[in-house]
Amino acid sequence: MSAARCWRGQRWPLGVAPLVMAASVAASQPDPAWALRGDGAQPAPLSDRIVDYEIDARLDVPSRTVQGTETITYRNHTGQPLDGLPFHLYLQAFQPGSTFIRELHRDSPAFVWNEKYRGSLEVTSLTLPGSADLAKDLAYIQPDDGNPADRTVLWARLPRPVLAGQEVRLRLAFRAQLPEILARTGFERGFFMVAQWFPKIGVWWHGAWNCHQYHRSSEFFSDFGTYRVRLTVPRDLRLAGSGEEEATVFNRDGTKTVAYRAEDVHDFAWAADPAFHAVEDSWTGSEGLVRIRMFVRPEHLGQAPRFLAALKGALGCFDRWYGPYPYGRITVVDVPAGSAAAGMEYPTLFTVGTKSWMLAGLRSPELEVIHEFSHQYWYGMVATNEIEEAWLDEGLASYSTAKAMDALYGGFFVEVAGGRLSAADALRLSYRGRPETDPLSRPAYQVLSHDSYEAVSYGKAASVLLTLEGLLGEETTRRALATYFRRHRFTHPTCEDLLRAFEETSGRDLRWFFDQAVLGTQVFDYAVEDVDWEKLEPSAPVPPGTAPTFRSTVLLRRKGDFVFPVEVEVRFADGEAVRERWDGRDRWARYSYDRKSRVVSAQIDPDRRVWLDRDRLNDSRTVVADGRAARKLAGFGLLLRQLLGAVMAWLA
Ligand SMILES: [Zn+2]
């Protein structure tokens, strides 16, 4: 057992912005929405609702700007006075010199900045009731890397502290310039994906503010609360937003205003396009009806049944396996082909991308729908810190996507022209070239490169969970994840909480596994080094016709540093098989058998439970009948699948 913990929170000092002004902080008053709690008309809050946002915003299509006002009610549940608040201004990442653009250059030296990628988010005023405008004294801070050109985090020093238990109501005006989509957000021809678009407060977490800059590889982290958002856009645009669409008003100036309400969520994103076709459907789960709305592009309408079947299938799997999807609505946005806005999750809304020629046996639309839906659980409800522990959302999403693909499509992500590749195989293949670059526990913005982030947070993390399932069994793993989900939904757990759920459910100490798989960079590689036999000469004369005795030996090697118990199946010429269990602590193990039948093969992990093994080609050997030349058992078929996996990874 190790004393190390798998989560090591990042902290940064407070008191960055030097501003003291006369002031007013609203005393805590009952909010009308809160007063309705439990009265039967309003469902009880599912989360602690730290923050409420009321946003009025207008999209100007020609200038690609969003002008908005925002009232934020922040409840101080920190147990101590707060003298300031940090805000994410993530659209400011799309500026030359920002940390995001620097990291993009690091990973893609060929990337050339173009002014069309410029985005910004300016706070043009910030007031508290009775206060002067604080906007001119706001300060940009760079808690992660000190890059003075990065303006993605703003510190607002309050004129007077918000005392523990009080709430503060801030009124902001902002202007957002949307970039042409370079990553996740912006516009692309007539399509708008408007995400990370309004000033959003950081999270007070583990005794400090947690409000990271925008990075190339990391995603997001925010408090739960309520959103009431009114969007004014040209009438011809179809709008998709988080939460529930409540009302639409058609204005005299050719615009319309659509009101949305979302509760117990931690973000709000929206999309707009005149070309969207709305496909409506519903699904009934353990907590009742969930209305489905998909905004599909005309050229992809033929794939709408595929999207729908995957989404309903995933809703069913997650409801049965982990717990209910409690929101009344889920919205899917199909983005233009090739858009960098594809495959992104937001509360109760996610984006997918496809191509118009997608073959039935190429299930990447299904895989993407299921992966992004699974983030409603692992990110949306179980709101882990995507910047500091990206593997908890991406790994759990990738793992549960592989499980749902198993349940819904026999596991196969690709079934084309006789070639087959499972979702789990594809995930394993995506990490095996980079098994040791970074531990899962490293914050996403501190990894070697974006390639490493993807290999580790998705492929390796899913392989870690599949391997844990191989150790504990599918049923125990499912119960552990259901426990983790039910215990931590609508909060911000860490991997210590995940470990605890696994240990409590299985009744086993698993820190040795997390130490290697999560904290460590140990490479997992077991191999059958040799399989051999010799005919034993009898020590005394035997009658003619007596069957000879053979001594068979199997030599196993642990080629990497990852120690894990493995099984090996040794097969003999008479059809008999022996299973051995090796704890893997030594670097090698030799098994020897004196039998009437000689060995023909040895196979490590015969039941395919160990997904972390980076090289399955060396997991088996067979003895050719007429000689001693041993060859690998798996051979060409597996190699072909690995090649197919590489091709698919490139396609994705
Ligand atoms: Zn994901």
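The values are calculated or read from the model by the stated rules, or taken from the named source; none is laboratory data. Bear in mind the structure is a predicted one, so any value in this text is a computation, not a measurement. For neighbour counting, all protein chains shown are included, and Cβ atoms are generated from backbone atoms with ideal geometry for every residue, glycine included. Each accessible area value is taken on the protein alone, full model and side chains, heavy atoms only, with ligands, DNA and RNA left out. Shrake-Rupley method; radii C 1.70, N 1.55, O 1.52, S 1.80 Å.
Just one of (1) of a type in the set (Asp, Glu); (2) farther than 23 Å from Trp512 by Cβ; (3) open to solvent by 40 Å² or more (accessible area, probe 1.4 Å) fails for Asp425. It is (3). Number of residues in the stretch 353-367 that are crowded, with 23+ Cβ neighbours inside 10 Å and either within 14 Å of the ligand (Cβ to nearest atom) or assigned to a helix (DSSP H, G or I) (or both): the value is 2. Give the residues of the stretch 185-207 that are among the small types (Gly, Ala, Ser) and open to solvent by 10 Å² or more (accessible area, probe 1.4 Å), sorted by residue number. Of everything in the stretch 185-207, those that are among the small types (Gly, Ala, Ser) and open to solvent by 10 Å² or more (accessible area, probe 1.4 Å) turn out to be Gly190, Gly207.
Pairing residues of the stretch 499-520 that are without any contact (Cβ under 8 Å) to a residue 60 or more places away in the chain with residues that are surrounded by 21 or more Cβ atoms within 10 Å (Cβ to Cβ) and not in a helix (DSSP H, G or I), at Cβ distances under 7 Å and at least 6 apart in sequence or on separate chains, gives Gln516/Phe562.
The set of residues in the stretch 368-397 being among the aromatic types (Phe, Trp, Tyr) and more than 10 Å from the ligand (Cβ to nearest atom) consists of Phe373, Tyr377, Trp391. Within the stretch 138-169, restricting attention to residues that are surrounded by 17 or more Cβ atoms within 10 Å (Cβ to Cβ) and of a type in the set (Asp, Glu), which residue is farthest from Arg442 (Cα to Cα)? Going through the qualifying residues, I end up with Glu167. Assessment of the stretch 569-585 against the conditions (closer than 30 Å to Ala455 by Cβ, within 42 Å of the chain's Cα centre (by Cα) and among the β-branched types (Val, Ile, Thr)) yields no matching residue. Counting only helices (runs of 4 or more DSSP H) that sit wholly inside the stretch 468-528, those with at least 2 residues that are of a type in the set (Gly, Ala, Ser) are 474-488, 495-506. Taken together, Glu122, Glu180 contain a single residue that is open to solvent by 60 Å² or more (accessible area, probe 1.4 Å) and under 25 Å from His212 (Cβ atoms), which is Glu122. The condition of being open to solvent by less than 20 Å² (accessible area, probe 1.4 Å), within 14 Å of the ligand (Cβ to nearest atom) and under 30 Å from Ala93 (Cβ atoms) holds for only one of Ala461, Ala402, that being Ala461. Being away from the ligand (no atom under 16 Å from the Cβ), surrounded by fewer than 19 Cβ atoms within 10 Å (Cβ to Cβ) and in contact (Cβ under 8 Å) with a residue 12 or more places away in the chain is the requirement here; does Gly419 meet it? It is true that Gly419 is away from the ligand (no atom under 16 Å from the Cβ), surrounded by fewer than 19 Cβ atoms within 10 Å (Cβ to Cβ) and in contact (Cβ under 8 Å) with a residue 12 or more places away in the chain.
Taking the residues in the stretch 370-395 that are outside any loop (DSSP other than H, G, I, E, B) and touching a Leu at 6+ places or on another chain (Cβ under 7 Å) as candidates, determine which candidate is nearest to Ala342 (Cα to Cα). Step by step, filter the stretch 370-395, then rank; the result is Phe373. Is there a residue being within 16 Å of the ligand (Cβ to nearest atom), within 27 Å of Arg487 (Cα to Cα) and either part of a loop (DSSP other than H, G, I, E, B) or under 13 Å from the mean Cα position of the chain (by Cα) (or both) anywhere in the stretch 426-441? Scanning the stretch 426-441, I find at least one residue that is within 16 Å of the ligand (Cβ to nearest atom), within 27 Å of Arg487 (Cα to Cα) and either part of a loop (DSSP other than H, G, I, E, B) or under 13 Å from the mean Cα position of the chain (by Cα) (or both), so the answer is yes. Does at least one position in the stretch 558-575 carry a residue that is in a strand (DSSP E or B), over 26 Å from Leu510 (Cα atoms), open to solvent by 40 Å² or more (accessible area, probe 1.4 Å) and in contact with a Ser or Thr (Cβ under 8 Å, 6 or more places away or on another chain)? Yes: one or more hits. Residue check: is Ala407 away from the ligand (no atom under 16 Å from the Cβ) and at negative phi? Yes, satisfied. Taking the criterion of being away from the ligand (no atom under 13 Å from the Cβ) and either assigned to a loop (DSSP other than H, G, I, E, B) or open to solvent by 30 Å² or more (accessible area, probe 1.4 Å) (or both), the residues of the stretch 330-352 that qualify are Val335, Pro336, Ala337, Gly338, Ser339, Ala340, Ala341, Pro347, Thr348. Cβ-Cβ distances below 7 Å connect the following pairs, each with a first residue in the stretch 334-350 that is on the phi < 0 side of the Ramachandran plot, a second residue that is among the β-branched types (Val, Ile, Thr) and within 14 Å of the ligand (Cβ to nearest atom), and a separation of six or more residues or different chains: Asp334/Val352; Val335/Thr351; Ala341/Thr351; Ala342/Thr351; Ala342/Val352; Met344/Thr351.
In this structure, is Asp56 assigned to a strand (DSSP E or B), touching an Asp or Glu at 6+ places or on another chain (Cβ under 9 Å) and open to solvent by 10 Å² or more (accessible area, probe 1.4 Å)? In short, yes. Applying the set (1) open to solvent by 50 Å² or more (accessible area, probe 1.4 Å); (2) charged (D, E, K, R); (3) part of a strand (DSSP E or B) to Arg102 leaves exactly one unmet item: (3). Of all the listed residues (Pro548, Pro544, Pro538), the sole one being modelled with pLDDT under 95, touching a Leu at 6+ places or on another chain (Cβ under 9 Å) and open to solvent by 40 Å² or more (accessible area, probe 1.4 Å) is Pro548.
Scanning the stretch 428-457 for residues that are open to solvent by 40 Å² or more (accessible area, probe 1.4 Å) and under 18 Å from Tyr214 (Cα atoms) yields a total of 5. Selection within the stretch 303-337: residues that are out of contact with any Lys or Arg (no Cβ under 7 Å at 6 or more places or on another chain) and of a type in the set (D, E, K, R). The member of this set that is nearest to Leu362 (Cα to Cα) is Arg306. Output the residues belonging to the stretch 362-408 that are over 22 Å from Val265 (Cβ atoms) and among the acidic types (Asp, Glu). Selection gives Glu366, Asp406.
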